[in-house]
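Values in this text are rule-based calculations from the coordinates and carry no lab data. All of these numbers come straight from a predicted model, not from anything done at the bench. Cβ coordinates were reconstructed from backbone atoms using ideal geometry, including for glycine residues, and neighbour counts include every protein chain displayed.
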Amino acid sequence: MLLFLRNFWPGTLWWILVMLLTLTPGNYFPQVSSFWNLFSPDKLIHLFIFGVLAYLLLSGSVKHFRDKGTRGIKTAPVLITLFTGILTELMQALLPIGREASIYDTIANFTGCFAGYYGFRILKNKNG
């Protein structure tokens, strides 16, 4: 259990931060009315936080399972990140916290997840 915590604490703390940030009540959030607004600062923030989440979960998973030969070492962190991206938008839609769900936020969350995955692969290959 201690080894698990040591490997996954960065990803777990970041996941908690993502949940707190996305579920914090808010009064003003700009509406995205077109595809081109996907590149607004709000969407870049979504991309960043979900990219970091995927990267940290992948790092913890590879460290924790490297000697165990477990399949799905990289699949589970990506699925957790994608699920979190959907969950946060659903909760924003359903909870009375003054937030609205957006398909564009979900797209940015997914894009961030895959950016974190590919960033992880690039850095892992670079560092051996």
- Task: Report the residues of region 5-22 in range of a label on Ile45: point 7 Å along Cα→C-beta, backbone N strictly under 18 Å from it.
- Result: 14-22
- Task: Pick out, in residue order, every one of the trypsin sites (Lys or Arg not before Pro) in region 55-128 that is DSSP loop and has at most 15 other C-beta atoms within 10 Å; say none if there are none.
- Result: Arg66, Lys68, Arg71
- Taking 1 over the mean of 1/r across every pair of different Cα atoms in region 54-128, what Kirkwood radius in Å do you get? 13.5 Å
- Message: Which aspartates and glutamates, if any, have their Cα less than 17 Å from the Cα of Lys43, not counting same-chain residues under 8 positions apart?
- Response: Glu89, Glu100, Asp105
- Difference of contour (0.36 nm per residue) and Cα-Cα distance, Asp67 to Leu123: 18.2 nm
